[in-house]
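Asks: Just passing along the structure, written as C-alpha cells.
The values are calculated or read from the model by the stated rules, or taken from the named source; none is laboratory data. Keep in mind it's a predicted model, so treat the numbers as computed, not measured. Cβ placement follows ideal geometry from the backbone for every residue including glycine, while neighbour counts extend to all protein chains displayed.
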Amino acid sequence: MSPLKPAAIISALLLVLPQSASAALPAVISHTLADGGQSWSLPVQTLLFLTLLGFIPAMLLMMTSFTRIIIVLGLLRNALGTPSAPPNQVLLGLALFLTFFVMSPVADQVYREAYQPFSEDKISLETALEKGTAPLRTFMLGQTRESDLALFARIAKVGDIQEAKDVPMRILIPAFITSELKTAFQIGFTIFIPFLIIDLVVASVLMALGMMMVPPATVSLPFKLMLFVLVDGWQLLLGSLSQSFFN
C-alpha cells in the first residue's frame, strides 16, 4: 500500500463524518401553542430540564422546610450533649423524609397544575414554570415574616407590593431563608432550656458534694435522655415541627 493511500482514506472519513453526524442530530423545532406560548423540540426541553437539575440541591436547601428541620435537629443533638448520636447520616435522612412529608401538598399541586399539562403539550414551558412556582411562592410567603420581606424590598429598592403574587422571587427567597433561620433558632432556644436546667442542677450537686473532678456533662447525660424519653421527645419534636408548617 502506498503511503498516500492511508492519508486519502483518512481525508475521506473526515469529510464524511461531519455530514453523517449533522444528519443524525435532530433539528431544533419550535411551534406556537394555543395559548400563544412557544414549545420547543424535545432535545431543547431535555437540555433545559438537565440544566434545572443543577439547581435542585439549592432549591431543596433554601426553598423548602429542610433548613428549619435540619437546624432544629442539630440543636437538639447539641442540647442533649451527644455530638455523635444520632449520627449525621441519620439526621440528614430524617430531615429529608420530613421535608418530603411537609412539601408533599406543594409537590402534588405543582404536578397537577404545571407538569401534567406541560407533559400533555397543553401549555408552554414558560406557562409551566409560572404555574409551577405559584404553589412554592404561596408556601414560602406563608412562612416569611413581613419585616424580612420589607427589609429586602427596601434594599432592592422595590416599590409598594400590593399582592402576594407581585413579590419577586429575588426578594422572597432571601426573606424566606432569614425567617426560617429565626424560627429554627427560636425553637432551638426552647429545646435548650430544660436540658440547661438539668446541667445546672447536676453541676450544683457535684460542687456541693465536692466532686470537682467529675464532668457534669457525663453525669447529666443519662438524666437528659431519661427526660427526653419520658416526654416522648421525638414524637413531640417532629410533630411540632411538621405542624408548624401547616398552621
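Asks: (1) touching a helix residue (DSSP H, G or I) at 6+ places or on another chain (Cβ under 9 Å); (2) over 24 Å from N247 (Cβ atoms); (3) among the small types (G, A, S): which one isn't true of A175, the others all being true?
Replies: (2)
Asks: Would you mind telling me which numbered condition in (1) surrounded by fewer than 15 Cβ atoms within 10 Å (Cβ to Cβ); (2) at pLDDT 85 or above Q109 fails?
Replies: The number of the failed condition is (1).
A quick yes/no check of all residues on (1) exposed (fewer than 15 other Cβ atoms within 10 Å of the Cβ); (2) under 21 Å from L237 (Cα atoms):
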| site | (1), (2) |
| --- | --- |
| L50 | yes, no |
| V72 | no, yes |
| R77 | no, yes |
| L80 | no, yes |
| N88 | yes, yes |
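Asks: I've got another one for you. Kindly provide the set of residues from the range 112-139 that are surrounded by 13 or more Cβ atoms within 10 Å (Cβ to Cβ), charged (D, E, K, R) and at pLDDT 85 or above, ordered by number.
Replies: R137, the sole residue that qualifies.
Asks: Where in the range 48-128 are the helices (runs of 4 or more DSSP H), entirely inside, with at least 1 residues that are touching a residue at least 40 places away in the same chain (Cβ under 8 Å) and farther than 22 Å from A175 by Cα?
Replies: 66-80, 88-110
Asks: Moving on. For the range 175-184, does any single residue satisfy the condition of being aliphatic (A, V, I, L, M) and free of Cβ contacts under 8 Å to residues at least 60 places away in the same chain?
Replies: Checked the range 175-184: at least one residue is aliphatic (A, V, I, L, M) and free of Cβ contacts under 8 Å to residues at least 60 places away in the same chain.
Asks: When you scan the range 210-229, how many residues do you find that are modelled with pLDDT under 80 and either crowded, with 16+ Cβ neighbours inside 10 Å or in contact with an Asp or Glu (Cβ under 6 Å, 6 or more places away or on another chain) (or both)?
Replies: 1
Asks: So which pairs qualify, if the first residue must be in the range 191-205 and in contact (Cβ under 8 Å) with a residue 12 or more places away in the chain, the second must be of a type in the set (K, R), the Cβ gap must be under 7 Å, and the two must be at least 6 apart or on different chains?
Replies: As it stands, the answer is F195/K224; I198/K224, since those pairs meet every condition given.
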